[in-house]
Amino acid sequence: MKPTLIDRQVDLLNCRIFYKQGGTHSASTPILFLHGWGISTEPYQEILDLIAQQHCVIAPDLPSFARSTYSNLIADYDTYAKLLVEFLDALNLEQVHLVGHSIGGGDRQL
């Protein structure tokens, strides 16, 4: 299977987020995939490639994980939610389908 996701990055106010993006870029709502605690998007590469064959996928390395930087302490879900909204705003995304694993599926709404 040929990988369908491309590595990208975006600079936010207090951090740089690396992410993978790809798939069909139709008018459908993209799928935002949030990885679990202590890892990155890498362990999910095969499944993300499969999903990207039929859907637009965006999969960031969360702040302070893998290549994404963040110099402050992220002490709670509210801080994560604010960073994710800033990330979505930087990509000009008003709506996404959200898939989260472990902390990526935390109990707060964006």
Legend entry - Least to most buried among His35, His55 (fewest other Cβ within 10 Å first): His55, His35
Legend entry - Likely footprinting exposure, Thr4, Thr29, fewest C-beta neighbours within 10 Å first: Thr29, Thr4
Inset, instruction - Taking the Cβ of each residue in Leu83, Leu5, Leu98, Leu13 as the centre, tally the other Cβ atoms inside 10 Å and list the residues starting with the fewest. - result: Leu13, Leu98, Leu5, Leu83
Legend entry - Per-residue HN-Hα couplings for the range 46-54 [Karplus 6.51, -1.76, 1.60; θ = phi - 60°; Hz; x = Gly/Pro]: 5, 5, 5, 4, 5, 5, 5, 5, 10
Legend entry - Amide H within-cut-off set for Asp61, under 5 Å, with H built and near neighbours excluded: Phe18, Tyr19, Lys20
Legend entry - Residues whose placed amide H lies under 5 Å from that of Ile31, excluding near-sequence neighbours: Cys56, Val57, Ile58, His97
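Can you give the extra length, in nm with one decimal, that the chain gains between Lys82 and His97 once fully stretched, where that is 0.36 nm per residue apart less the Cα-Cα distance?
Details: separation 15, 0.36 × 15 = 5.40 nm, distance 1.72 nm.
Taking 0.36 nm per residue and subtracting the Cα distance, the gain is 3.7 nm.
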Legend entry - Gain in span if fully extended, Glu46 to Asn14, counting 0.36 nm per residue against the direct Cα distance: 8.5 nm
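Computed from the coordinates by the stated procedures, all read-outs in this text should not be read as laboratory data. Model, not experiment: these values are computed from the prediction. Positions of Cβ are generated from backbone atoms using ideal geometry, with glycine treated the same way; all protein chains shown enter the neighbour counts.
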